[in-house]
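Presented below is the structure to which this report refers.
The values are calculated or read from the model by the stated rules, or taken from the named source; none is laboratory data. Just so we're clear, the structure is a prediction, and the values are computed from it rather than from any experiment. Every residue, glycine among them, receives a Cβ derived from its backbone with ideal geometry; neighbour counts consider all protein chains shown.
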Amino acid sequence: MRRVLLHSPLDMHLHVREGAMLHTVTPLSAQAFAGAVIMPNLVPPVDNRERLERYRASIRTASDGALFEPYMTLFFKAYDEPTLRSLKTHIIGIKLYPAGVTTHSEAGVQTIDDAIPTLTLMQELAIPLLVHGETHGFVLDREREFLAMYDRLATAFLDSPSLWNISPPERQWPFWTGMPISTPP
């Protein structure tokens, strides 16, 4: 049997939350990982420079000196170009949550049409998009139902390698093809 040894693994999706949870989760994560992509769905969400810097500082403090890098994300909202330009070097991407589909996502995107101006700016500035891909449907269907939204976004932003990393058709799920493009409720 072959063995794989990861010297500096990265957690690509970590919720450390705040308060006692942050002080419990961060040191445990820092023991096993060199860093993590930190999710921004807090109350209030991480959606501005001050909140981002405070949250990063709290995570670094809670890591108790471990070599642990918090790769920060912003909560998706309508951003203007100067704000995104000023934040670009402090984040690895912006996380889009459909409103109300998961914990602390009430301030998320109501309709995808509302998100287009910010997505366009993100494309121009080469800021990656991270997506919580669920609808409000039946719990076992939510991710499948969201595939149509991925299709709509990928089609609209086809020329944006920074925004998307779409698999070639031969590697896509069989039910991807032919799904209607619709906006989750």
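Can you say whether Val46 is at pLDDT 95 or above and either surrounded by fewer than 19 Cβ atoms within 10 Å (Cβ to Cβ) or assigned to a loop (DSSP other than H, G, I, E, B) (or both), as far as the supplied structure shows? So Val46 passes the test.
The condition (being hydrophobic (A, V, I, L, M, F, W, C), surrounded by 19 or more Cβ atoms within 10 Å (Cβ to Cβ), at pLDDT below 95 and in contact with a helix residue (DSSP H, G or I) (Cβ under 9 Å, 6 or more places away or on another chain)) is satisfied by just one residue among Met149, Met179: Met149. Filtering the range 91-131 to residues that are more than 17 Å from Ala154 (Cβ to Cβ) and of a type in the set (A, V, I, L, M) leaves Ile91, Ile92, Ala99, Val101, Ala107, Leu121, Leu125.
With respect to Leu84, is the statement that it is surrounded by 13 or more Cβ atoms within 10 Å (Cβ to Cβ), under 24 Å from Met12 (Cα atoms) and of a type in the set (A, V, I, L, M) true? When the stated conditions are applied, Leu84 passes them. Just checking, how many residues over the range 49-66 are in contact with a helix residue (DSSP H, G or I) (Cβ under 8 Å, 6 or more places away or on another chain) and part of a loop (DSSP other than H, G, I, E, B)? Qualifying residue count for the region: 3. For beta carbons closer than 8 Å, sequence separation of 6+ or different chains, a first residue in the range 103-127 that is buried (at least 18 other Cβ atoms within 10 Å of the Cβ) and a second that is of a type in the set (Gly, Ala, Ser) and part of a strand (DSSP E or B), the qualifying pairs are Ile127/Gly93. For the range 15-43, the candidate set comprises residues that are outside any loop (DSSP other than H, G, I, E, B) and closer than 15 Å to Ile91 by Cβ; within that set, the residue that is farthest from the chain's Cα centre (by Cα) is Gly35. One residue is enough: does the range 100-111 have a residue meeting the conditions part of a loop (DSSP other than H, G, I, E, B), aliphatic (A, V, I, L, M) and in contact with an Asp or Glu (Cβ under 7 Å, 6 or more places away or on another chain)? Checking the range 100-111: at least one residue is part of a loop (DSSP other than H, G, I, E, B), aliphatic (A, V, I, L, M) and in contact with an Asp or Glu (Cβ under 7 Å, 6 or more places away or on another chain).
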